Every structure is written in C-alpha cells, then in structure tokens.
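The values are calculated or read from the model by the stated rules, or taken from the named source; none is laboratory data. Predicted model only: the values in this text are computed from it and were never measured. Please note: Cβ atoms are built from the backbone with ideal geometry, for glycine as well, and neighbour counts cover all protein chains shown.
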Amino acid sequence: MNERARRGTPVAITGIGLVTPAGIGTTANWERLLTGRSTARRDPGLAGLPVDISCRVPDFDAASLLGRSTAWRLDRVSQLALVAAKEALADAGLDPERWDGPRVGIVMGNALGGTASYEAAHTTYHQEGADQVSPLVMVNWPVNMISGYLAMHCRALGPNLVVATACASGVTAIGIARDMLRSGLCDIVLAGASEAPLSPTPMAAYHRMGALSRRTDDPESASRPFDADRGGFVAAEAAAVLVLEREGDARARGGTVHALVTGFGASADGHHASAPDPTGAGVERALRAALTDADVAPEAVDHVNAHGTSTRLNDLMESRLIDRVLVGGPSVTSTKGVTGHALGAAGAIEVAYTALTIEHGLVPPTANLDKLDPEIGVDVVAGAPREQSVTTATSHSFGFGGQNAVLVLQKAGTR
C-alpha cells in the first residue's frame, strides 16, 4: 500500500471499554449518560479539603475484577485501564492469545500518573523513614506503566507509549493510534486514557488555582457546563480504551464497526499555563486541521461532543469557536455534566461517547444546564436525550499548557 492510500485508509472503532463514574461497562455508562444525572458526591477520601466532592467510579472492586494478586500490584490508574481494556477486547471479539502480538500497539493518555502510589510513598517516607518506602512506587507512579501493564496483560508487543498532553491526552492518544494504523506500523491498536487523580495533593492544588466548583453543599449540581451559574469543574477518575483497526481488516474478520475515526488535528495556544486563549485561535487551528484531515466541510458537522469543562473561560471560548467555525449549527453536548472532569482520561471517554451517539442516533443531554449562559449561542442539548441521526461529529479536548486536540468521527458507510 502506497503512502497516499495509507493516509486515506478508514480506521474503525471496533471495541469500546469504559470504567467511569457513570458505571463499569459501556452499557451502564450509556444508560446513565442518557439520564442526564450527575455522578458527583461527597468524597471521604478528600475529607478536610476545602472542596471535598468528586466523581468516583462506583463499586469498583479491583480484586474481584482483576484478581487479588494483580490488583495488589497495580496503582488504581492501571487497574481502571486494565478493566476497560478487557471490556474493549471482548466487545471487539479479539483474543490476545490468538493475535500476532508484535503487530498490536498500545497508546494511552494520562496527565498525573499513579498519584495514590506517590502520595502513599511520600507519607511513608516522612512518617516511617526511607527504608519503609515500597519499591513498587517506581513501577506504579510513572505514567508509562499504564501502557506497560496493558502490554503485559494483553500480549500487545508492538509500539507501546503513553502521551501526556494534559486534558487533551486521550484524544491525542487516539489520533496517534490512528496514524500508526494508517502508516502500516500496526494492525491493531488499543488506544485511550486512564486517570486516577483523586488524591489530596492534586485536588488541593486544583482548588488553589480556582479550577474546582465550590458547590460542596449540593455536589450533584456542581458540574454544569454552559450554564450561566457554572463555577468550575468536578474532578473525576476514569478510563476508556478503544480497539482501533483498519476498517477493511475489521470487516474481513466480521468485526463490528461502532464508528470511523477520520480526522485528527492538534495545536498549541502558546498563551498561558492554565487559561485558554480567549480568542480560540489555537483550538481553531486544531479543529480546522482535523476537518481538513477528514476532508470534511465545516458545515457537514452535525454534532459536537464539547470539552465543556463547566469553567467560565473554557465554555465561552469553545462555544464561540463552534459558532464561528461549524456553521451548520451542530447539536452540542458536554458529558462532563454527568461524569465530572477526568483530566487526561476525559477525551478518550468522550470519543467513546461520541461513537455511541453516532451508533445509537441519540445525543445525551448536558446535565445541570438550567439556564444557558446568554453569551453562549450554540445548540446545547439539555433536559433529555435528543434523537438525531449523526453522520459526522467532532470531539474536542483542551488542556493546561495550551494543548489542543480534536478528532472527527463519522458513521460507517459515510465515506
């Protein structure tokens, strides 16, 4: 296959695995998402902090899901990823015992690494001394170990990496994985992201930055993207893993295609360490690059899964971007109203949700949108799911450091 043909090769999402505050498993996630009810709760693990609310994965028992020995060895960030990967492989109908391991790659996104392992080791060091620090911290804290453990458990022996582009990490990982398939470097790639950030130190820092919602008296109403009374995000833990294959390969083996990944764009704001460029110039470059890569006209986009963090600056900037560039008036949703903001994992979760939106013809509502900010003029879905045949959608993710990433997803058979 020549380079031009490879670049035009459609890449399919053939497996989806989700472990989020909306539930363990894709079915549980989709059902909760359609209710439009937030998962935010008071968090005993954050007791004593000024902001003690979060969105945790409910009833996550790593020992029963992975086995006691495996669960004991892994930080929660890798536990979440492995459970999601197992579901994605089952959904795709792939057996790692039967595939050609060196032709299978893994690209995962992450922002903070194994925060629980690091915090525990740091506490032990100060309270009990250096000799009591567990050596396991150095195979649990580093971000690369997320992909490393997936490779060990899934016998994926091809390229193996973690990308760290802050809250754009999941989308960046899926974009890189798509390019690996188009280049011929791999035949299958497990791509997505995992994040388990709900430890006191990072949550205290986010609070000090003013990024977190302070609605601690009413946690379920705290995450409210695009709402006039929004005031910050609710932090979450989660993992999403997608199985990606060239569409022709997936069809040949009888695999199911949830959606196609047809465009990817990325950029840097070069503006501020934590605030988005209010002009949206950087994110516009990423969005237009993704559309060009997919060979899709802006007016053809009929749905957007927005970054929609529930912060005042992001939501306003993003809504103006959508209104300015995607002139066809797409429906817009932010699923962070339900799940909270899972930082580096957020984008991968939202790509999975976008694929499910395309597959089911239903747009999930944005939770807690009681009064649309009057400065926001886009068509934000709220209240109840909207029936809509979605052919072309974009999924946006932006992060600290001015990191921007956008994917274009399309319905199978569109191209």
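Taking the conditions exactly as written (within 20 Å of the chain's Cα centre (by Cα), within 26 Å of Thr292 (Cβ to Cβ) and either buried (at least 18 other Cβ atoms within 10 Å of the Cβ) or not aliphatic (A, V, I, L, M) (or both)), does Thr333 satisfy them or not?
For Thr333, the condition - within 20 Å of the chain's Cα centre (by Cα), within 26 Å of Thr292 (Cβ to Cβ) and either buried (at least 18 other Cβ atoms within 10 Å of the Cβ) or not aliphatic (A, V, I, L, M) (or both) - is met.
State the number of residues belonging to region 302-316 that are over 15 Å from Val351 (Cβ atoms), modelled with pLDDT of 95 or more and out of contact with any His (no Cβ under 8 Å at 6 or more places or on another chain). Lay out the reasoning, then the answer.
First, pick out the residues of region 302-316 that are over 15 Å from Val351 (Cβ atoms): 302, 309-316.
Narrowing further to those that are modelled with pLDDT of 95 or more: 302, 309-310, 315-316.
Narrowing the set further to residues that are out of contact with any His (no Cβ under 8 Å at 6 or more places or on another chain) leaves 302, 315-316.
So the answer is 3.
Can you say whether Ala297 is among the aliphatic types (A, V, I, L, M) and either closer than 15 Å to Leu407 by Cβ or within 20 Å of the chain's Cα centre (by Cα) (or both), as far as the supplied structure shows?
No; evaluated as a whole, the condition is false for this residue.
Taking the conditions exactly as written (hydroxyl-bearing (Ser, Thr, Tyr), surrounded by fewer than 19 Cβ atoms within 10 Å (Cβ to Cβ) and either more than 22 Å from Arg37 (Cα to Cα) or out of contact with any Asp or Glu (no Cβ under 9 Å at 6 or more places or on another chain) (or both)), does Ser267 satisfy them or not?
On the way: hydroxyl-bearing (Ser, Thr, Tyr): yes; surrounded by fewer than 19 Cβ atoms within 10 Å (Cβ to Cβ): no; either more than 22 Å from Arg37 (Cα to Cα) or out of contact with any Asp or Glu (no Cβ under 9 Å at 6 or more places or on another chain) (or both): yes.
When the stated conditions are applied, Ser267 does not pass them.
Residue check, Ile13 against (1) under 24 Å from Glu350 (Cβ atoms); (2) in contact with a Ser or Thr (Cβ under 9 Å, 6 or more places away or on another chain); (3) among the aliphatic types (A, V, I, L, M), all met but one. Which one?
Every condition holds for Ile13 apart from (2).
Checking Met209 against (1) among the aliphatic types (A, V, I, L, M); (2) surrounded by fewer than 19 Cβ atoms within 10 Å (Cβ to Cβ); (3) in contact with a Phe, Trp or Tyr (Cβ under 8 Å, 6 or more places away or on another chain), which test does it fail?
(3)
Listed residues Glu247, Glu237; which is more than 29 Å from Gly36 (Cα to Cα) and of a type in the set (D, E, K, R)?
Numbers: Glu237 fails: more than 29 Å from Gly36 (Cα to Cα).
When all the criteria are applied, what remains is Glu247.
Restricting attention to region 262-301, and to residues there that are among the charged types (D, E, K, R) and at pLDDT below 95, which single residue is nearest to Val332 (Cα to Cα)?
Kept after step one, since they are among the charged types (D, E, K, R), are these residues of region 262-301: 269, 277, 284-285, 288, 293, 295, 299.
Now drop any that are not at pLDDT below 95, which leaves 269, 277.
Details: Asp269: 23, Asp277: 21 Å.
Here the answer is Asp277.
List pairs: first in region 99-113 and within 13 Å of Asn160 (Cβ to Cβ), second of a type in the set (D, E, K, R) and in a loop (DSSP other than H, G, I, E, B), Cβ under 8 Å, 6+ apart or cross-chain?
Gly101/Arg155; Arg103/Asp187; Val104/Arg155; Val104/Asp187
Can you tell me which residues in region 217-244 are in a loop (DSSP other than H, G, I, E, B) and aliphatic (A, V, I, L, M)?
Let us first name the residues in region 217-244 that are in a loop (DSSP other than H, G, I, E, B), namely 217-218, 222-226, 228-232, 234, 237.
Answer for region 217-244, where residues must be in a loop (DSSP other than H, G, I, E, B) and aliphatic (A, V, I, L, M): Ala222, Ala228, Val234.
Are any residues in region 237-274 touching a residue at least 60 places away in the same chain (Cβ under 8 Å), over 22 Å from Thr394 (Cβ atoms) and of a type in the set (A, V, I, L, M, F, W, C), and if so, which ones?
Hits for region 237-274 are Ala239, Ala250, Ala273.
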